Amino acid sequence: MTDDPSSARIAEKLAEVASAPDRFPSFGAEKHGYRLKPPLPESTVAAFEAEHDIVLPDTYRRFITELGDGGAGPSYGLLTLADAYAEVSDSFPGHLVEPSPFVPGMHYAQDWWDRFWGPDDRPDPLQGTLAIVHHGCTSYTQLVVSGPGRGRLVNVDLNGVPAPYVLEDNDFLSWYERWLDELLAGYDVTWFGEKIPGDAPKLLDVLADDPSPQRRARAARSLSALPAISPTAADALARAATDLDPLVREAVMNVARHSKVAAVEPAARAALSDPEAPVRAGAISVLRALGATDVPDKARQLLTDPDREVRWQAMQALADSNRMVVADLAPLITGQDAKTRESATYFLIGAQGKADDLLAQALADNDPAVRRQAVQTAEQRDERTLLPDMERMLETETDGYVRTNLDRVVTAWSADRPHHPG
């Protein structure tokens, strides 16, 4: 083992976590139990490097030869070196030696992933990287082994959304030790790496003064990983809610909703008329999370918002208040946007008042998703006066999903219909 004290610190901290795993619950930990697998022989690592014509970044190489080859780590744990190569590494031969496009400090747009692909999958966004952690589904943490970002880690989703994010940790050991430090400090490590490294004061400095709106927004989101939002942090979030950049304002609203930050309520009220739709949607969700008494009135004002997501959040807030009435949804069920018609038909389930006329319109909608939801809503509300409408629908309905729902409801309701002797 080298003289670098970081390996010894990591071993000590990991032993502390492993000795009492119940104190440190985290997503995926049951798979690895905070235990590392045995380290690899130097000869095995050298053979891997020779086969792929690369030299692994020093701190990762030291980890797998001194501490362990896979096991304890974020989410489901570290992949072994063999699995790190095999997991998402089949696009073209020799891809590990090709320079990775991921470099520190670069902001990757949401459409970057799809635009990067070349003919026959070359170039590939993952070239020059190894999969270090599989977080589930299509989410991974990759280690850059070739190119200007060599040694850095990047969180990616194979669907391209969310966009790739090059983590701020300088190397593998710094990243791994931060995971242990945040775990021991009681942070939420479910989405480990998405948080900016550092404690609350560091995050608040970034939120207030960093020139990058993307980084300020990430600092706001990072606060939600802390064990609690302090009064100082809450006040800082309230100030950041008026940031000039909508990315930051939206991030603040999301954190205030998630952590129920009451200090942001006045800013959220003002943000109901923000020029940016994501901020308006976040603002009503904050008032909803805080249980503001005037949520029904504020939500009703947003039901006519030009943005679909804002309308959905308004419907959700109104539904949660238990003050939604059928009349609130009538303009939406007869509106131009099919997705909103479908959502409004769903929210009819809990709306107060007579709904059969609106549901009859929804059953005749030209969009099959709306018709399917109308059948399900009628079933949930037990609107049996619509049985004749549904029986007629079965004669002409061509969508398979709608027919499946119709068959179920019509069969059940017909069986319960009183039969009078002739």
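Just so you know, all these numbers are worked out from the coordinates, no wet-lab data involved. What you are looking at is a predicted structure, and each value in this text was computed from that prediction instead of being measured. Ideal geometry is used to build each Cβ from the backbone, glycine not excepted, and the neighbour counts take in all protein chains shown.
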With axes computed from alpha carbons, what is the tilt in degrees of helix 387-396 against the longest principal axis of the chain, rounded to the nearest 10 within 0 to 90?
70 degrees
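Place a +1 charge on the Cβ of each Lys and Arg in the range 198-323 and a -1 charge on the Cβ of each Asp and Glu, then give the dipole magnitude about the Cα centre in debye, rounded to the nearest 20. Walk me through the intermediate numbers first.
Numbers: 17 positive and 17 negative charges, 65 e Å.
Around 320 debye, computed over the range 198-323.
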Projecting each Cα onto the charge dipole of the range 1-105 (Lys/Arg +1, Asp/Glu -1 at the beta carbon, about the Cα centre), which of Pro21, Leu96, Gly68 comes out farthest on the positive side?
Pro21
Taking the Cα centre of the chain as origin and charging only Cβ (+1 Lys, Arg; -1 Asp, Glu), how large is the dipole, in debye to the nearest 20?
1180 debye
Calculated from backbone phi, Karplus (6.51, -1.76, 1.60) coupling profile of the range 95-107 in Hz, x at Gly/Pro:
5, 5, 7, 6, x, 6, x, 8, 9, x, x, 8, 9
So if the hydrodynamic radius of the range 198-323 is defined as the Kirkwood radius over C-alpha pairs, what does Stokes-Einstein give as its diffusion coefficient at 25 °C and 0.890 mPa s, in µm² per second?
172 µm²/s
Along the dipole axis of the chain (charges at Cβ: +1 for Lys and Arg, -1 for Asp and Glu; origin at the Cα centre), the most positive-end residue among Ala86, His107, Leu183 is Leu183
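List the relative contact order of the chain as a percent without decimals, with contacts defined as Cα pairs under 8 Å and 6+ residues apart.
Numbers: 681 pairs, mean separation 32.8, N = 422.
Computed over the chain, the figure is 8 percent.
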Compute the acute angle (0 to 90°) between the alpha-carbon long axis of helix 246-259 and the principal axis of greatest extent of the alpha-carbon atoms of the chain; round to the nearest 10°.
80 degrees
In sequence order, what are the phi-derived ³J(HN,Hα) couplings for the range 12-28 according to the Karplus relation 6.51 cos²θ - 1.76 cosθ + 1.60 with θ = phi - 60°, rounded to whole Hz, with x for glycine and proline?
5, 5, 5, 4, 5, 5, 5, 6, 8, x, 5, 6, 10, x, 7, 4, x
Please report the spacing between the Cα centers of the range 1-65 and the range 359-376 in Å, no decimals.
55 Å
Amide H within-cut-off set for Leu36, under 5 Å, with H built and near neighbours excluded
Ala72
Tell me, what ³J(HN,Hα) does each residue in the range 323-336 have, in order and in whole Hz, if you take phi through Karplus 6.51 cos²θ - 1.76 cosθ + 1.60 with θ = phi - 60° and put x for Gly and Pro?
10, 6, 10, 4, 4, 4, 9, 4, x, 7, 6, 9, x, 7
Tell me which of Leu387, Leu167, Thr340 sits at the most positive position along the dipole axis of the chain, charges placed on C-beta atoms (Lys, Arg +1; Asp, Glu -1).
Leu387
Under a 5 Å amide H to amide H cut-off, with H placed in plane at 1.01 Å, what residues pair with His135 once short-range neighbours are removed?
Tyr140, Thr141
For the chain, what is one quarter of the convex hull surface built on the Cα atoms, given in nm²?
26.8 nm²
Find how many whole Å separate the alpha carbon centroid of the range 122-143 from the alpha carbon centroid of the range 147-222.
17 Å
Roughly speaking, what is the centre-to-centre gap between the range 318-347 and the range 269-317 when only Cα atoms are used, to the nearest Å?
14 Å
